Structures are given as structure tokens and as C-alpha cells.
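K.L.:
Dumping the structure here so I can ask a few things about it.
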Amino acid sequence: MPTRAQAIEAAEAVRRRFSIRPDTAIVTGTGLGGIAAALEGAEAADFREIPHLPPATVEGHAGRLAAGRLAGLAVFVLQGRLHLYEGYSARQVAFPVRLLQELGVRRLVLTNAAGGLNPALSPGDLLGIADHINLTGENPLVGPNEEAWGPRFPDMAFAWDPELGRLARECGRRAGIELRPGVYAGLRGPALETPAEVRWLRAIGADAVGFSTVQEAIAAVHGGMRLCGVSVITNVHDPDRPRRSTMAEILAAAREAEPRLLRLLAALARRLRDDGPAD
């Protein structure tokens with residue numbers, strides 16, 4: 001089970017290697033890691049080079065931690081993430097967030113590639129995560145609570161920071177990008193959803209579905225971070241006319257939408273830079 005001592009050791013290794021000290025971080029989803037290429041003055045390390053940080057094993061997740069400036073704002077970028085379906089525990093999946101917490105990150109932007117459930121969505125759309133449903137059956141806070149990280153019972157009523165969400169939508173509008181607010185459902189994976197599951201997910205109020213994000217979000221809220229999220233819609237499920245989806249198609253759709261996501265994140269970074277430090 002990952003511990004705070006391990007997170008501190010990992011953070012110390014990152015500080016020795018990186019000269020930049022961001023208070024904002026971005027986690028990139030499947031096929032979206034190219035965002036790190038936009039960083040000015042970038043420094044980077046593979047997950048394997050950071051103590052106690054498990055490797056990413058999934059296609060489309062490079063498994064690298066980068067740091068630099070995006071539109072003048074100092075940021076960490078995690079190129080890829082860990083997933084429950086890789087065999088990692090919920091605490092392992094959340095460990096990169098704990099590392100960022102020990103590095104002093106106070107704002108976290110989680111991105112992912114997701115399947116659309118709301119029929120009003122289209123492939124390539126960007127969904128601003130306003131809330132989530134944890135359907136994984138897992139929680140990174142199970143077990144003894146680490147008081148230095150956060151309270152035993154964190155309140156998730158405002159998990160996705162409403163002000164950051166508003167800023168992201170405003171920045172999107174100014175950049176000519178619609179960021180539609182919605183609810184993200186997190187499943188364990190890796191099997192894609194059946195038509196019956198799609199109907200049920202729609203019925204409980206989910207607009208998009210994927211296999212990530214919720215463990216990280218819980219850990220971030222526990223750690224007192226301000227949280228913002230964007231789902232890149234790679235395909236839209238129609239339970240009455242189901243079609244097969246392949247990883248190649250999902251990756252291609254994510255990479256096609258990546259420049260728009262980058263424009264949005266750069267606009268948000270510029271606004272956060274102008275507004276000053278996270279706290």
C-alpha cells in the first residue's frame with residue numbers, strides 16, 4: 001500500500017531533478033499526452049525514474065512526468081496515468097496525485113478520453129466535468145486515513161470546483177471552443193459497455209463514461225486541491241444501434257481533438273497565470 005513516506009521520497013527525487021516548482025498540474029488521458037510538447041522550458045522524467053511511481057502500461061499513456069510553462073503558467077503534466085484495470089490498487093492509481101500534493105500542487109486539471117452517453121454529444125466534443133459517478137467499486141481512501149493528506153470523511157458535494165469550471169467554460173468561449181458541462185461515470189474496465197449498460201448509465205444521469213479519473217478526483221479533493229476536468233468525447237454510444245469501437249479508433253479520435261483541448265488548456269493557463277497563485 002503506497003504511503004506518505006513513499007510520496008515524500010518521490011517528491012524529493014522530482015525536486016532534485018526539476019528546477020521548476022508549479023502549483024498547477026494537468027493529467028493527460030488516452031492519446032492526449034502530446035500536450036506536454038507545448039511546454040516551454042520542459043523538463044521530464046519517466047515514471048520508472050521516480051521512486052515508488054508504478055509504470056504506465058497502456059497504449060496512449062507514455063508514463064512521463066513533465067514540467068514547464070504553458071502560456072506562461074508553470075505546470076506539471078503527467079503524460080498518462082494508472083488504471084484499476086491494469087491491476088493497480090485504488091491507492092496506487094491515486095499515488096501520482098499524492099506525489100503532486102507533496103510537490104505543492106494546489107490546482108489539478110484531469111483530462112480523459114471518454115465515450116459519449118448523452119445523444120447531444122458528438123465525437124470530438126469537449127465535456128467539462130461538473131460531477132462524477134464512481135462505479136468502480138473502489139476508493140483510494142479505504143484503509144487507515146493519512147491525516148497529513150486530508151480528513152477521514154472528505155465532502156464531495158463540490159468536488160469539481162465550480163469557479164474553475166466557470167473559468168474553463170469562459171476561456172473556451174473566448175477561444176471558440178464549447179465546453180459543455182456534464183457528468184462523468186467512472187467504470188473499472190477494461191471491457192467496453194454493453195447496450196444495456198449504456199441505457200442504465202444514461203438513466204442515472206451520466207453524460208460520458210470512461211475507465212479513469214474518479215480515483216484521482218477523490219484523492220485530489222481529500223488533499224484539498226481545486227479540481228477541474230475535461231473529457232474528450234471519442235465516440236458516442238447508441239444502445240439502439242450499437243457499433244464496435246477499437247482502441248485504434250479511440251486513439252485517432254483523441255489525437256484529432258487534442259489541438260482543441262490544448263487551445264482550451266492554454267487559454268485557461270493564461271487566465272490562471274494572470275489571477276496569481278492557487279491559494
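Every number in this text was worked out from the coordinates using simple rules, so none of it is lab data. Keep in mind the model is a prediction, meaning the values are calculated, not measured. Note that we place each Cβ from the backbone using ideal geometry, even for glycine, and neighbour counts take in every protein chain shown.
K.L.:
Let me have the relative contact order for region 62-179, percent, based on Cα pairs under 8 Å that are six or more residues apart. All intermediate terms of the calculation are to be shown ahead of the outcome.
P.N.:
Working: 69 pairs, mean separation 22.5, N = 118.
Relative contact order, region 62-179: 19 percent.
K.L.:
Need one number: nm distance between label points at ALA203 and GLU170, each 7 Å from Cα along Cα→Cβ, rounded to one decimal.
P.N.:
Output for this residue pair reads 4.0 nm.
K.L.:
State the answer as a single residue: which of VAL209, ALA74, SER89 lies farthest towards the positive end of the charge dipole of region 4-275, with beta carbon charges of +1 for Lys and Arg and -1 for Asp and Glu, about the Cα centre.
P.N.:
The residue sitting farthest along the positive end of the dipole is ALA74.
K.L.:
For every other residue with a beta carbon closer than 15 angstrom to the beta carbon of PHE211, add +1 if it is Lys or Arg and -1 if Asp or Glu, then tell me the sum. Could the numbers behind the result be given before it?
P.N.:
Numbers: positive: ARG81, ARG188; negative: GLU59, GLU86, GLU138, GLU193, GLU197, GLU216.
Here the charged neighbours net out to -4.
K.L.:
To one decimal place, what orientation-averaged projected area in nm² is obtained for the convex hull of the Cα set of region 1-84?
P.N.:
Working: hull surface 22.0 nm².
That works out to 5.5 nm².
K.L.:
Length gain on complete extension for the stretch GLU178 to GLU147, per 0.36 nm per residue less the alpha carbon to alpha carbon distance? Each step should come with its number before you reach the end.
P.N.:
Details: separation 31, 0.36 × 31 = 11.16 nm, distance 3.93 nm.
My answer for the length gained is 7.2 nm.
K.L.:
When only C-alpha pairs under 8 Å and at least 6 residues apart count, what is the relative contact order of region 4-275, in percent? Can you show the working numbers first?
P.N.:
Working: 572 pairs, mean separation 69.8, N = 272.
Computed value for region 4-275: 26 percent relative contact order.
K.L.:
Where in the chain is the longest stretch that carries no trypsin sites (Lys or Arg not before Pro) classed as loop by DSSP and with at most 15 other Cβ atoms within 10 Å?
P.N.:
Numbers: sites that count: ARG152, ARG188, ARG243, ARG244.
Free of exposed loop sites, the longest segment is 1-151.
K.L.:
Over the Cα atoms of region 4-275, what Rg and Dmax result, in angstrom?
P.N.:
Just the Cα atoms of region 4-275 yield Rg and Dmax of 17.3, 54 Å.
K.L.:
Something else: Just to confirm my numbers, what's the Cα centroid distance between region 19-42 and region 223-261 in Å?
P.N.:
Here the answer is 19 Å between Cα centres.
K.L.:
For the pair ARG188 and ARG17, how long in nm is the line joining their label points, each one 7 Å along Cα→Cβ?
P.N.:
A separation of 3.2 nm, rounded to one decimal place.
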